[in-house]
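Nothing in this text is a laboratory measurement; each read-out follows from the coordinates by a stated rule. Remember, it's a predicted structure, so these values are computed and weren't measured experimentally. Cβ coordinates were reconstructed from backbone atoms using ideal geometry, including for glycine residues, and neighbour counts include every protein chain displayed.
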Amino acid sequence: MKDKYAWVMDALSKAPLLTKARAVKHFLMGRNDYIKKERHADMDAVIKCALCPNMCKFDCPVLAAEKNDAVSPSGKMRLAYFIEAGYLSSDDAFEDMYKCTGCNACAQWCPFDFSVGDLLKGVREDIAEMGKAPPDIVEIKEKLEERHVMYEGERKDYGGHEHGSVLYFMGCEVSSHRDEIANSMIKIFESIGEDYALMDEEWCCGSPMLNLGFTEQFKKFAEHNVRAIEESGCEVMVCSCPTCTHIFRDIYPQHGFNIKARIMHSSEYLLEMAEKGRIKLRGESKQAVYHDPCVLVRKLGIEEEPRKLMARAGVDLKEAEFHGKDTKCCGRGSGLESTNEDIAKKIADARIEELKQHGDVIITACPTCKSAFEEGGAEAYDISEIIAMGMGNKDE
Ligand code: SF4
Ligand code: SF4
């Protein structure tokens, strides 16, 4: 036992005696003696992470932007432990629980494979049940419940049909801010004669609800979407947003919601169409740098598809210094721009600066990353725009 937990002793060696005694007792005896109530947070993981010497902190974009150890990965878990144990109830501590992009950079380095972004979901659920969620977080939840999409405003009518073999799920970012991505996908579907459908009433995939700790509300979004997807009669569902793809593909089934259709990210679908010869590309020569979206590469493992697709489109794609699974977040993961706009902007600026060293034009495969870069003053495109611009189908 002593050898097994030697690393804990090392980590605690400089702590005051009382802290040492409490921490070791909590760690070795388990949570049940100390935290009587049922918790949504995985307390064993929270405690292990809280006691870790913050091994992954060098790669946390929030810490890099804030330069405050309280919002480092282990720092957040230490605060989470004290919140869960009832030792801490300051507004600042609760607010720090929402300072995370869910980028999973910590999980890349963690010896326990923890993602602090994922651990925080249970902590936030407990905070919501304590009635301590910060007012701006409650407001996001209430607005989402009221309008069923993240952002205000009427959704543009793109025409199309509600039934078809390929359903295009736009996601909140595209339907509210990235008209050009919706138009590109629709142009592609029409050019190749796809039997595509658009939802008449597309709700958010529910990811913000789950992230912010409102799991029961998330399930209502899942229920609605699964029903609407079934009613469309689709065999394939294509999403522009990596988070929507991940939520539908991996998270809905964990909550008992199964979608029969094949769920594809746009990079997978477009590459498949190009390989089958349905999308014909003129192969014009362009130069750009590629930004790997965190969720796409780290949660969905989609790394090669956008690169192969861009090669077929004739793009000379440069690699950023931090690419593939070593990518850096655009700053908007987990809706950080809605909860902590300043931090999101600092993270985006840092990523833009790095990407610009490799090219003036950025190509990515996530509408939210595109928004972060464009609003940060960079020229950025989604892969679907490059394909729509480079298609030869209509001229043949
Ligand atoms: S996520 Fe893993 S590596 Fe990072 S602080 Fe927590 S336990 Fe340590
Ligand atoms: S998920 Fe990303 S932002 Fe959140 S703690 Fe881990 S590295 Fe930091």
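Determine by what factor the alpha-carbon radius of gyration of the chain differs from 2.2 N^0.38 Å, reporting the quotient.
My calculation over the Cα atoms of the chain gives 1.04.
So what is the calculated 222 nm ellipticity per residue for the chain, using -39500 (n - 2.57) for each DSSP H run with n of 4 or more, over all residues, to the nearest 500 deg cm²/dmol?
About -13500 deg cm²/dmol.
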Taking a cut-off of 21 Å between Cα atoms, list the lysines near K14, but don't count ones fewer than 8 places away on the same chain. K2, K4, K25, K48, K57, K76
In the stretch 247-347, the trypsin sites (Lys or Arg not before Pro) that fall in loop regions by DSSP, at most 15 other Cβ within 10 Å: K260, K276, R278, R282
For the chain, the charge dipole (Cβ of Lys, Arg +1; Cβ of Asp, Glu -1; about the Cα centre) points to a positive end, and the Cα of C330, L12, F189 closest to that extreme belongs to L12
Considering only C-alpha atoms, what is the centroid distance from the stretch 236-256 to the stretch 57-80, in Å? 28
Treating the beta-carbon of each Lys and Arg as +1 and of each Asp and Glu as -1, no other charges, what is the dipole magnitude of the stretch 166-271 about its Cα centre, to the nearest 20 debye? 340
Taking springs between alpha-carbon atoms closer than 10 angstrom, which of F257, F112, F214 fluctuates most in the Gaussian network model of the chain? F112
Please enumerate, by chain and number, the lysines with C-alpha under 18 Å from the C-alpha of K141, excluding those fewer than 8 residues away in the same chain. K99, K121, K132, K219, K220
Residue-ordered couplings for the stretch 104-113, obtained by feeding phi - 60° into the Karplus form 6.51 cos²θ - 1.76 cosθ + 1.60 and rounding to whole Hz (Gly and Pro as x), are 6, 4, 4, 5, 4, 10, 6, x, 9, 6
Under 8 Å for C-alpha pairs, at least 6 residues apart: give me the relative contact order for the chain, rounded to a whole percent. 15
Cα gyration tensor shape of the stretch 233-339, rounded if a/c is under 1.5, else prolate or oblate by comparing a/b with b/c: oblate
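Please quote Rg/Rh for the stretch 295-396 to two decimal places, taking the Kirkwood radius as Rh and restricting both calculations to Cα atoms.
Details: Rg = 14.2 Å, Rh = 14.4 Å.
Ratio of gyration radius to Kirkwood radius for the stretch 295-396: 0.99.
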The stretch 91-176: trypsin sites (Lys or Arg not before Pro) falling in loop per DSSP and having at most 13 other Cβ within 10 Å: K156
State the antiparallel share, in %, of DSSP beta bridges confined to the chain, rounding to the nearest 5. 5
List the GluC sites (Glu not before Pro) within the stretch 299-391 that DSSP assigns to loop and that have no more than 12 neighbouring Cβ atoms inside 10 Å. E321
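Nothing charged except the Cβ atoms of Lys and Arg (+1) and of Asp and Glu (-1): what's the magnitude of the dipole of the stretch 87-127 about its Cα centre? Round to the nearest 20 debye.
160
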Just to be sure I understand: of the beta bridges DSSP finds with both ends in the stretch 280-395, what percent are antiparallel, rounded to 5? 10
Can you tell me the dipole magnitude for the stretch 6-133 around its Cα centre, using point charges on the Cβ only (Lys, Arg +1; Asp, Glu -1), in Debye to the nearest 20? 400
